[in-house]
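Encoded as structure tokens, the structure appears first; notes follow it.
FYI, it's all coordinate maths here, none of it is from the lab. All figures in this text were calculated on a predicted structure; none of them were measured in a lab. As a convention, Cβ positions derive from the backbone with ideal geometry for all residues, glycine included, and neighbour counts pool all protein chains shown.
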Amino acid sequence: MTEHEKYQEHIRHTHDAFCKTVIRHAAIDAARSIRSRRKREISLEYLIEEKHYPFSTTDKYFAEQSGMTSYPLFVCGQMVLLESPELAAALSALSQMEQEIIFLYYFQ
């Protein structure tokens, strides 16, 4: 083996050792990252099975809305449903032009 070939083999071994060291340290960093994430996070299965949290919920907002009385107001050829009787009475007391101005400002 010539000196040049020995030098190339030395470079190859040095490069291999460097790559193995980098890969080993990357694996250590990944394990640390996973370990720290596991300390902070709670699995979904644990929450569902152990803590008995429901997997889904139903909004009560829409269920309560069905029992409410709505007050229709016809403006600009469209019907607007108002939930407040005071607001419906106040808007009905306005002139047609004032109703259209308010409708265009808030509802369009």
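Filter the trypsin sites (Lys or Arg not before Pro) in the stretch 1-88 down to the DSSP loop ones having no more than 15 other Cβ atoms within 10 Å, then list what survives. Answer by residue number: Lys51, Lys60. Over the stretch 3-49, the Kirkwood radius and the radius of gyration, each from Cα atoms, give a ratio Rg/Rh of 1.47.
Under 8 Å for C-alpha pairs, at least 6 residues apart: give me the relative contact order for the chain, rounded to a whole percent.
Worked out over the chain, it gives 12 percent.
The angle between the Cα long axis of helix 3-40 and the longest principal axis of the Cα atoms of the chain comes to about 30 degrees, rounded to the nearest 10.
When the Cα positions of Phe103, Cys76, Thr57 are compared along the charge dipole of the chain, Thr57 comes out farthest toward the positive end, with charges on each C-beta of Lys, Arg, Asp and Glu. Loop-located chymotrypsin sites (Phe, Trp or Tyr not before Pro) in the stretch 19-108 (DSSP state not H, G, I, E or B) with no more than 15 neighbouring Cβ atoms inside 10 Å: Phe55, Phe107. Rounded to the nearest 20, the size of the Cβ-charge dipole of the chain about its Cα centre is 920 debye, with Lys and Arg at +1 and Asp and Glu at -1. Dividing the summed -39500 (n - 2.57) terms of all DSSP H runs of n ≥ 4 by the residue count of the chain sets its mean residue ellipticity at 222 nm at -20500 deg cm²/dmol. Placing dummy labels 7 Å off each Cα toward the beta-carbon, the span from Ala89 to Thr2 is 10.7 nm. The dipole here belongs to the stretch 3-49: it is taken about the Cα centre, uses +1 on the Cβ of Lys and Arg and -1 on the Cβ of Asp and Glu, and is about 320 debye. Run the Debye formula on the Cα coordinates of the chain, all scatterers equal and no solvent, and tell me log10 I(q)/I(0) at q = 0.16 1/Å. After summing over all Cα pairs, the log10 values are -0.89. Between helix 96-106 and the chain there is an angle of about 10 degrees, using the helix long axis and the longest principal axis of the Cα atoms.
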